[in-house]
1. Taking the Cα centre of region 15-148 as origin and charging only Cβ (+1 Lys, Arg; -1 Asp, Glu), how large is the dipole, in debye to the nearest 20?
2. Amide H neighbours of Leu49 under 5 Å, counting only residues 5+ apart in sequence or on other chains, H built in-plane at 1.01 Å?
3. What is the extension gain from Asn141 to Lys120, computed as 0.36 nm multiplied by their sequence separation minus the C-alpha to C-alpha distance, in nm to one decimal?
4. With the crude spin-label approximation of a point 7 Å out along Cα→Cβ, what separation in nm comes out for Val95 versus Asp48?
5. Considering only Ser106, Ala143, Ala92, whose Cα is most displaced toward the positive end of the charge dipole of the chain, charges sitting on Cβ of Lys, Arg (+1) and Asp, Glu (-1)?
6. What is the distance, in nm, between label points placed 7 Å from the Cα along the Cα-to-Cβ direction at Arg71 and at Val148?
7. So if we plug the beta-carbon distance of Asp30 and His59 into 1/(1 + (r/R0)^6) with R0 = 25 Å, what FRET efficiency do we get, rounded to 0.05?
8. Give the peptides 32-45, 114-127 in descending order of average Cβ contacts within 10 Å, highest first.
Amino acid sequence: MNGLLRRLVGGDESRTRVGLFVDGPNVLRDEFDVDLDDLRDIAAETGDLAVTRLYLDEHATPGLIQAAEARGYEVIVTSGDVDVKLAVDAAAAVVDGTMDVLAIASRDTDFKPVVETAGKRGVRTLAIAPGEHGKSDALGNAADEALVVDA
């Protein structure tokens with residue numbers, strides 16, 4: 001009965017659920033020229049996007065926030081440390097089973113513990129770097145897969 005119910009409502013438990021967490025201040029910089037659509041498309045190649053979040057600090061412009069929301073991102077603006085909020089939210093999503101793959105777009109080694117924790121819980125991990133000179137070797141090495149966004 002559950003299989004029939006899933007088919008009737010369009011659900012498919014075999015689909016891979018991806019959580020994309022983007023470290024805005026470290027990725028959306030002029031020197032990297034990273035496009036939000038490209039980040040989303042890279043993560044979507046792995047499976048269905050279950051979470052698509054962009055983390056920004058209080059200096060984010062209204063135009064950036066609107067553009068991100070128009071591209072399907074849930075925008076989280078924090079007056080505190082963006083890294084801490086992103087890491088806590090990503091860890092919570094891993095623990096509550098929201099996703100099968102954790103994708104973090106950042107150049108920051110601070111996310112290595114989250115990636116390692118996800119891996120220990122059986123969640124595949126993907127580190128997305130904003131350009132070759134913006135990648136963190138430590139983050140990439142901790143992840144199951146590491147990709148570089150070409151500008």
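1. 500 debye
2. Answer set, sorted by chain and number: Val18.
3. Here the segment from Asn141 to Lys120 would lengthen by 6.1 nm.
4. A separation of 2.6 nm, rounded to one decimal place.
5. The residue sitting most towards the positive pole is Ala92.
6. Result for the modelled spin labels: 2.1 nm.
7. Rounded to the nearest 0.05, the efficiency is 0.95.
8. 114-127, 32-45
FYI, it's all coordinate maths here, none of it is from the lab. On a predicted model such as this, the values are computed, not experimentally measured, just so you know. A quick note on method: Cβ atoms are made from the backbone with ideal geometry, for glycine too, and the neighbour counts reach across all protein chains shown.
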